[in-house]
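Just below is one structure, and these are the notes that go with it.
The values are calculated or read from the model by the stated rules, or taken from the named source; none is laboratory data. No experiment lies behind these values; they were computed from the predicted model shown. Note that we place each Cβ from the backbone using ideal geometry, even for glycine, and neighbour counts take in every protein chain shown. Remember, those area values only see protein heavy atoms, side chains included, never the ligands or the DNA or RNA. Shrake-Rupley method; radii C 1.70, N 1.55, O 1.52, S 1.80 Å.
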Amino acid sequence: EVQLVESGGGMVQPGGSLRLSCAASGFTFSSYDMTWVRQAPGKGPVWVLSINSGGGRTYYADSVKGRFTISRDNAKNTLYLQMNSLKPEDTALYYCARRILIYYSNSGNWYSHYDYWGQGTQVTVSS
């Protein structure tokens, strides 16, 4: 079955760095766009970054642009998130998720959905 397993979370001081990994299995990893989503305490999940299947295109939320970098190694079936200049507001449970496109005939448009998620890895930014 499809599995996504995040790792690399922990506690770091403001301004520090952390690198998260997501090991994928059970599907053709190189055929899918991938995403990092985070959920702060008491809040809902929020999209952070995405990367296309080949790794040539990336998309960033304004809150992390210039600080976070998403990448992937398709040969290793692994997604990465390099986080630099971390801030307390980056504290959250970080999930990797598989992105698919769903067509809605009513609107005639395609929309992003995230059909599989990992269990998440906790990132805490505190002094």
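The separation of segment 34-83 from segment 103-127, counted between C-alpha centres, amounts to 10 Å. Checking (1) 48, 24, 23; (2) 49, 34, 26; (3) 42, 27, 26 against Cα extents along the principal axes in Å calculated from these atoms, the matching label is (2). Only lysines eight or more places from residue 43 in sequence, or on another chain, were considered; those with a Cα closer than 23 Å are 65, 87.
With an 8 Å Cα cut-off and a minimum separation of 6 or more residues, compute the relative contact order for the chain in percent. Intermediate values should be presented prior to the final figure.
Details: 309 pairs, mean separation 43.2, N = 127.
After rounding, I find 34 percent.
The label-point distance for residue 25 and residue 110, in a model that sets each label 7 Å from Cα toward Cβ, rounds to 3.0 nm.
Considering only protein heavy atoms, with the full assembly of protein chains and a 1.4 angstrom probe, order 99, 19 by accessible area, largest first. Before the final figure, lay out the partial values.
Values: 99 55, 19 130 Å².
My answer, sorted largest first, is 19, 99.
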